Structure formats: structure tokens, C-alpha cells
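To start, the structure under review is shown below, and the notes come after it.
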Amino acid sequence: MTVTLTSTDERLAPARARPGVLGRLGGVAFRRRGRVLLAWLAALAIAFGLSAAFGGEFTADYSAPGSDSKQAQDLLAQRFPVRAGESVDVVVRADAAVTDPVVRAEVATLLDELAGLPHVTAADDPYASPGGVSPDGHTLLARLSLDVAIPADMPVADTERLLGAAEAASRPGLEVALGGQVIQEAEANEVGSEGIGLLVAAVILLVMFGTVVAAGLPIGVAVAGLAVSGVLTGLVTALFDVPNWAPILGSMLGIALGIDYALLMVTRFREWRAAGLDPEAATVATMDTAGRAVLVAGGTVMVSMLGLFAMGLAFMRGAAAVTMVAVFVVLAASVTLFPALLGYLGRWIDRLRVPLVPRPAAQARPAGAWAWWGRLVRRHRVVAVLTGVAALLALATPFLGVNFGFPDAGNDAEGTSSRRSYDAVAAAFGPGSNGPLLVVADPAVAERLSADLAGTPGVAAVSPVQVNPAGDTAVLSVIPLTGPQEAATQDLVRTIRDRVIPAATAGTGSEAHVGGMTATAIDSNTDLAARLPLLIGGVVLLSMLLLMLAFRSVLIPLTAAVLNLLSVVAAYGVVALTLEGGWLGKLIGIDTATPLAGFVPVLMFAVLFGLSMDYQVFLLSRMRETWVRTLSNERAVSVGLASTGRVITAAAAIMIAVFAAFVPVSDVAVKALGFGMAVAILIDVTVVRMLLVPAAMHLLGRANWWLPGPMERHLPQLHVEGRAHHAPATVSS
């Protein structure tokens, strides 16, 4: 079958119909382009002013609401604030014994200097503290208490002063390293990921369009959206608890979606121009067809982000709010700023040719290679479905053995102070010293509890009981035999909670809670796993409803949901394989076995499900456009695939580049998130969108477009294919 559109008149039918709201809005923006540009500049200035006046600070509480570790944390904050703040580990490794008078004098001088720096409230004396000196006598560990409760609240400049003092104190034969979350925050590298993503996207667009003007339009829309949404992040932090990595996620999506949406519309605009429309009419037609697809696609991303609110976690709400603002601004730029820019550049869309890059024909006739691929998939539809599903399941297999937990300093890059501190403590004091458990109890049972804990299998040591000045709260530090990320440590936490504490407090009416970073990480991951079904169920159902409204079908949303879930799980498997620290992990800078932070798959699902629906909308909008005219499913699938294959693959390449640009970031969770989403887009566009979707739709035939009669009569019409009124849009029962 030769895949072509039937005639110029047929192609122009949507343009000749009375434009809808988006088409009329595009026409207004085209004609009043100067005012639109001024409005966007004013919006940027207003956003900057509001953020400067009312903006908040980044903050995040990763503890699980109502959990045992959260109760311990709250008790410490209320009754024992000196133990509730962040701390910095000072690790000194000496060739001579650390008790040598010369070394001891140097350590005392260092600790006095550190204690006098901003935000340091106290410095422990390692020689007087139990367990401060290692059994071999060559390593000591002192802890600095800080007046900040959240690592992000510690100014990086002040942390760098701590690091500078430690570096100055080091000499041959005496190594000083600092550890702790505030140290990790300060050592996190910034690599200008947004700029890298934009640069790669520009190259791809130049190759695709062959002209600077056509390639520059998507970049312009993305940069404008990034500027406004980035400034608005300050306002979001005043309303929500926003983690410091949330702007990175917002930037990822803002850049990728802004370019992808404008790419789709530039392609459609060039087709309308090639069909004979003047620039204004082509702009109106573009907004009335591709613009509708963009709004539906953006709506699916917004729905996915809304699912994060169902998790009931403050930091998830903050991350979702920042991302939704970025997506909303991108959509606003797509339907207002883009047609305004066409008012200036539309006539010269094919100007400034790029040397040595052939300019593809701007016409509505599908490319020959994609038409050939469509015929191949149609002939081998059963094999395509079986092969595609088998490939996705194979990629998902490593996820079955994933280790959930929070990456710590032991997963940092070699050579950093935090990694050197972590390794030195593990070697000298045992791996459990990097993740002590804090047991908060009533003083009346503290001594008995201390004795019981000391005799518990898996416990290396228990610190002396510390009681707050009010005498109503006691704290014990419990050092496990195993490291923070090991399963045995999780088992120990459960044993303490389920057996040791109940036995020690039986009949006393007293309570005790297990806290600390290790216990908090365990509780948080458990809580996220319990809430994940809420996210999946809500996002899938709402996305299916939106697709049903857009494409007037029952099977299309169902097929999309199943295939998207398979795509996401396959990406999970690749990320799990990477975190094992083998050859694949080393390619992106992960050289040790690393746990998967529970929020990473949650965010990946929300983002990827929305992005997968994006490409589904791009593909299906052209399929439905042909189906409405011809009522031929075979023709609709073939034309849709051939017409959008090049656009979708180019859009995916841009999105992969944007996400992959975040891989060099030192934060392991962000690195895993960026790599995972880049891989997921690659899997989605190759295996799912270009193979499984057309093959499955060929198998289902006309049933793809079936909608029960009552639903057909009562569901509102979105006209995602444009407002041409030809054949009926669905096959009703």
C-alpha cells in the first residue's frame, strides 16, 4: 500500500473549517505579536519582582509522616535540639598514633578553629568520647554540631570554610577529611546541564530542519519558558516545601517539552505553508491542529504531576508544584509566544540555510523510509508485538533484585572529602559507624534499654545515655555491625522496634523510638512503596480518561496505558542494572553498588508516564485525522506513523539529550534520574511508539476507534485532529 494523503483539498480541509479557540488565539497573537512579546517580558519582570519580595528557601523533610523515625526526630527537635541539628564528622587519620602529643595538639587546634566557624555550636572531644579513637589507634572521629536542621539550610560558603580549615590542617602523615550531608551538598558539582541540553537540541534541530530560523523557534520558546518558570520557583518555595533538586527536574521537563512542542508545531506550520497557505492562515491552522495535540499532551504531563500530590509527602508536593509550573509556562508559551514569533519569522521559516545539511521537503506527504517501516510493521504485526513485549520484559528483569535505600557518602565520587571520610570511618571503626541509630526514650527506662541493646545481635556498640537538661528525654546512639545500606541493618531496626523496645518498656508506660538517618531512610522507602499504588492508579485512570476524550475510543487509552507501564518498568530495570556498579554503572560515574532511592522510581513513573502519553498524542492525533476522513484503520495507522515518525524520533533525541546532560551531576539520585529518563525515552520511542503501538493497532483494526453509543453522545468533543467535518469520528455500538 502506498501511503499518501489523497489530495491538497483534503489536506486543507481542517484549515478551511472555522477555527476553534486555539486557532483564533493564534491568529490574535500573530497579528498583535509586538504586544505579546511585551507581555512576556512584563511577565518575566513581574515574576522576578514577586520572587525577590516573597520567595522562600529550599527545604525538604524526607521522613515518613507518622513513622517511628519521624516521632524520634520530632522529640529531639522539641526536647533535645542540640541533638536534632545536622552534624559534620571530622575524621583524622595519622601514620603515628593519634594519641601522640604532637598529633593531639594539632587535633585540638583544628577542633578549636572549626568550633569558632559560623553555624558550629559545639565540637566533641574525641579523646574523651567513648569510641572516639579507633581500636588500632591511628584514626579518630569527632563530631561538630550545627545549628541547622536541614542540610540545604547550611550556606555553602560556610561549609567551604570548614573544608578549607580541614585541608589546611592536613600534612604528610596526617590526613583530615570531613563528612556529613552538608559536606555532600557543598561538594556537589554543577555542570551547566541546561546549557548542554540546549546546545545538543540546537544541533539536532539544525540537522532536522536545515535552516537556522526553523531550528531557532523551538529553542526560543524553550528558553523563554525556562526563564519565566525558573524565576517563579522562588514563589513556589514560599508555598511548598521544595527540595533543592526540584528545579533540576523542572528544567529537564521545561526545556524538553518546550522544544518538543514547538518542534511539532514548526513541522506542521511548514506543511501548511507548503500546501499553499499564507503565514497567518498557516499559523491559525497549525494552532488548530498541532496546537490541540500540544495541549492534550501537556495535559497528560500535568495529570501525571498531580499524581505526586496523592503521595501525601511534602517534598513530593513541592517537586510536583515546581514541575507543573514549568509545564504550564511551556504550554502558555506554545499557544501565545510561538504564534507571535511566527508573525515575525513565518515568512522566512526556511531562511539561513545550514551548509552541508540538506533541507527536508516541507510537505504533508509521509517520508518514504517511514512509509516502508509502516508497511513492514503491518505485515509482521504479530511478530512485532511478541518481540517488543519480550524485549521490554527482559529489560525489566534486573528491577526484581533492586536494593531500595538512600545513597550515602559511600556512593560519592572517589577523592571527595565526604567519600574519604566515609571510607576511613568504615575501615577504622566498622561500617555501622557511618549510620548510627538514635534511640530516643524516657530516662526511666534508658539504662535498661541500653543494656538490652548492647546484647542484641547485630549491635557493635551503644553510647552512654545522654539526658537533656529538662531530664525528660534520653538519647542512645546505637552502632550497627553492618553498613547503612545493608539488609542486616534494616533487620536490626525492625528487631529493636518489635522486640527490644517492647521488652524494655513493658509495664512502665514509657515509650522509645528509633531515629537517625538510617532509620529515616528505611521508613521513607517503606512509606513510598506503600503509597506508589495510589500514584499509579490515579495517574493511569486520569490519563486514560483524557485520551478517551481526545480520541473517542476505549481501546486506544487502554492500549496506551499497558504499553506505557511496560516502558516504565523496562526503564526501571536498566536503572537497577546501572546501580549495581558494574561496567554500565561505571560509564556514568557509579563505581560502587548503590541503592535506589525510593523517590526516584516514583518521580520516574510520574514524569515518564506523562511523556509517553505526549508521544502517543503526537502519533494518534495524525492517525485520528486520517481516520476521521477515511474510516480506514489500516490507512490511519500507516499515514500517522509515516507522517510523525521523523518528528517523534527527533523530539525524542532532543529529550534524551536534555536528560542525559544531567548524568554528570555528582548527586547519585539526580544522576540515576537523568540517566533513567534518557533510557526510558529511548526505549519508548523505539520499541513502544514506533513498533508496539502501530503493530497493536493493526491487530485491533477498527475496534481501535470503538466508543459505546451513550459515551459517544455525552462525552465532549476536543477535536484533537482539527475541526474538519467529514466522516464521523468513531465507530459506535
Quiz item: Looking at LEU608, LEU534, which is the one that is assigned to a helix (DSSP H, G or I), open to solvent by 30 Å² or more (accessible area, probe 1.4 Å) and not acidic (Asp, Glu)?
Solution: LEU534
Quiz item: Restricting the search to segment 486-513, which residues are open to solvent by less than 60 Å² (accessible area, probe 1.4 Å) and hydroxyl-bearing (Ser, Thr, Tyr)?
Solution: THR489, THR495, THR505, SER510
Quiz item: Could you give every pair whose Cβ atoms fall below 7 Å, whose first residue belongs to segment 500-522 and is within 18 Å of LEU75 (Cβ to Cβ), and whose second residue is among the hydrophobic types (A, V, I, L, M, F, W, C) and open to solvent by 20 Å² or more (accessible area, probe 1.4 Å), counting only separations of at least 6 or pairs across chains?
Solution: THR508/ALA444; SER510/ALA444; HIS513/LEU75; GLY515/LEU438; GLY516/LEU438
Quiz item: Got a number for residues in segment 431-484 being of a type in the set (Val, Ile, Thr), farther than 17 Å from LEU76 by Cα and crowded, with 21+ Cβ neighbours inside 10 Å?
Solution: 1
Practice problem: Only one of these is of a type in the set (A, V, I, L, M), under 26 Å from TRP348 (Cβ atoms) and out of contact with any strand residue (DSSP E or B) (no Cβ under 7 Å at 6 or more places or on another chain): ALA285, ALA321, ALA310, ALA314. Name it. | Solution: ALA285
Quiz item: Can you tell me which residues in segment 124-183 are surrounded by 19 or more Cβ atoms within 10 Å (Cβ to Cβ) and touching a His at 6+ places or on another chain (Cβ under 7 Å)?
Solution: LEU146, MET154
Quiz item: Among ALA394, ALA427, ALA413, which is surrounded by fewer than 16 Cβ atoms within 10 Å (Cβ to Cβ), closer than 29 Å to VAL568 by Cα and modelled with pLDDT of 90 or more?
Solution: ALA394
Quiz prompt | Enumeration of residues in segment 698-708 that are open to solvent by 10 Å² or more (accessible area, probe 1.4 Å) and either within 20 Å of LEU611 (Cα to Cα) or of a type outside the set (Phe, Trp, Tyr) (or both) | solution = HIS698, LEU699, LEU700, GLY701, ARG702, ALA703, PRO708
Self-check item: Unmet requirement for LEU295, which otherwise passes all of (1) crowded, with 22+ Cβ neighbours inside 10 Å; (2) of a type outside the set (Gly, Ala, Ser); (3) within 30 Å of the chain's Cα centre (by Cα)
Solution: (1)
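Let's see how each residue does on (1) touching a helix residue (DSSP H, G or I) at 6+ places or on another chain (Cβ under 7 Å); (2) aliphatic (A, V, I, L, M); (3) closer than 25 Å to ARG646 by Cα:
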{"residue": "GLY374", "(1), (2), (3)": "yes, no, yes"}
{"residue": "ARG381", "(1), (2), (3)": "yes, no, yes"}
{"residue": "VAL385", "(1), (2), (3)": "yes, yes, yes"}
{"residue": "GLY388", "(1), (2), (3)": "yes, no, yes"}
{"residue": "LEU392", "(1), (2), (3)": "yes, yes, yes"}
{"residue": "PRO398", "(1), (2), (3)": "yes, no, no"}
{"residue": "VAL402", "(1), (2), (3)": "yes, yes, no"}
{"residue": "GLY410", "(1), (2), (3)": "yes, no, no"}
Self-check item: Extreme residue, nearest to GLU175 (Cα to Cα), among residues of segment 93-120 that are open to solvent by 50 Å² or more (accessible area, probe 1.4 Å) and touching a residue at least 40 places away in the same chain (Cβ under 8 Å)
Solution: ARG93
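The values are calculated or read from the model by the stated rules, or taken from the named source; none is laboratory data. Note that the structure is a prediction, hence the values are computed from the model and not measured. Don't worry about glycine lacking a Cβ; one is built from the backbone with ideal geometry, like all the others, and counts go over all protein chains shown. Accessible surface areas use protein heavy atoms only, side chains included; no ligands, DNA or RNA. Shrake-Rupley method; radii C 1.70, N 1.55, O 1.52, S 1.80 Å.
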